[in-house]
Amino acid sequence: ASITSAAVRNGKMTFPACYLGESVFQTVMIKSTSNLPCTFRFAFGFGRDLPPAPQGPALGSSDDGVFSIKPRVGEIKAEGFVLVCIRFKPGTTRKYTQMLQCIINEGTGPRLLLEGTGSLPNVRCDDLIDGESAKPPQIVDLGVSDMASGFQGAFYIQPTSVGLSSSRKFTVKNTSRLPIKFRVTLPPNARNCLTITPTFGVLKGNQSTQL
């Protein structure tokens with residue numbers, strides 16, 4: 001039997017970056033080239049020894065619960081195939097690796113290295129320099145947990161005569177690998193004298209825009 005998928009390259013499957021608390025999925029196909037049916041089961045771990053068959057209900061996830069697979073065990077008809085779904089659900093902002101072993105008829109089968117990265121949205125405002133802010137604001141309040149919010153620093157516009165206008169560009173950069181939506185609002189007492197364009201948009205991973 002063999003494992004095939006458009007997402008598999010040289011025995012490795014890389015999942016897209018994923019926000020904490022969310023999940024991404026990949027599908028693989030187990031194909032049998034034999035004219036006899038065969039059984040299969042999956043096990044997680046980097047050990048080379050064949051893991052024992054589970055007693056009772058088989059758990060379909062790795063020890064840390066980051067990677068899971070369904071179905072975990074099953075049977076493939078003669079010259080048939082089975083589709084298997086693998087889920088990646090990160091718990092922290094780091095890179096995860098895990099080995100997935102496919103055991104065919106209780107014998108050694110193909111192995112697949114799984115990789116995925118947990119991420120959080122992160123927006124930097126690099127135009128704030130020393131003298132305007134002791135530290136560039138790490139993030140704009142987008143209503144996501146674990147993101148800094150509130151006062152993040154100062155942004156100054158040069159003195160302007162009554163009746164005239166002045167402008168200054170402000171660069172916002174998405175330093176994460178995932179796209180984010182942003183929205184800019186002003187307090188009510190500033191809406192008659194300040195305008196911002198654009199007031200909303202989408203930033204792809206590592207993309208920046210000017211306001």
Contacts under 6 angstrom Cβ, first residue in segment 195-210 being closer than 30 Å to LEU164 by Cβ, partner open to solvent by 100 Å² or more (accessible area, probe 1.4 Å) and not in a loop (DSSP other than H, G, I, E, B), 6 or more apart: PHE200/ARG183
Do the conditions hold for SER34, that is, is it modelled with pLDDT under 80, of a type in the set (Gly, Ala, Ser) and open to solvent by 40 Å² or more (accessible area, probe 1.4 Å)? no
Qualifying residues in segment 157-194 (those that are touching a residue at least 12 places away in the same chain (Cβ under 8 Å) and of a type in the set (A, V, I, L, M)) - the one surrounded by the fewest Cβ atoms within 10 Å (Cβ to Cβ): VAL184
For the list (1) surrounded by fewer than 18 Cβ atoms within 10 Å (Cβ to Cβ); (2) modelled with pLDDT of 85 or more, I need the number of the one condition that PRO54 fails. (2)
Single residue of segment 195-205 satisfying the filter (touching a Lys or Arg at 6+ places or on another chain (Cβ under 7 Å) and outside any strand (DSSP E or B)) that is most open to solvent (accessible area, probe 1.4 Å): THR199
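The values are calculated or read from the model by the stated rules, or taken from the named source; none is laboratory data. Just so we're clear, the structure is a prediction, and the values are computed from it rather than from any experiment. Cβ: placed from backbone, ideal geometry, glycine included. Neighbour counts: every protein chain shown. Just the protein is used for accessible areas: all its heavy atoms, side chains included, with ligands, DNA and RNA removed. Shrake-Rupley method; radii C 1.70, N 1.55, O 1.52, S 1.80 Å.
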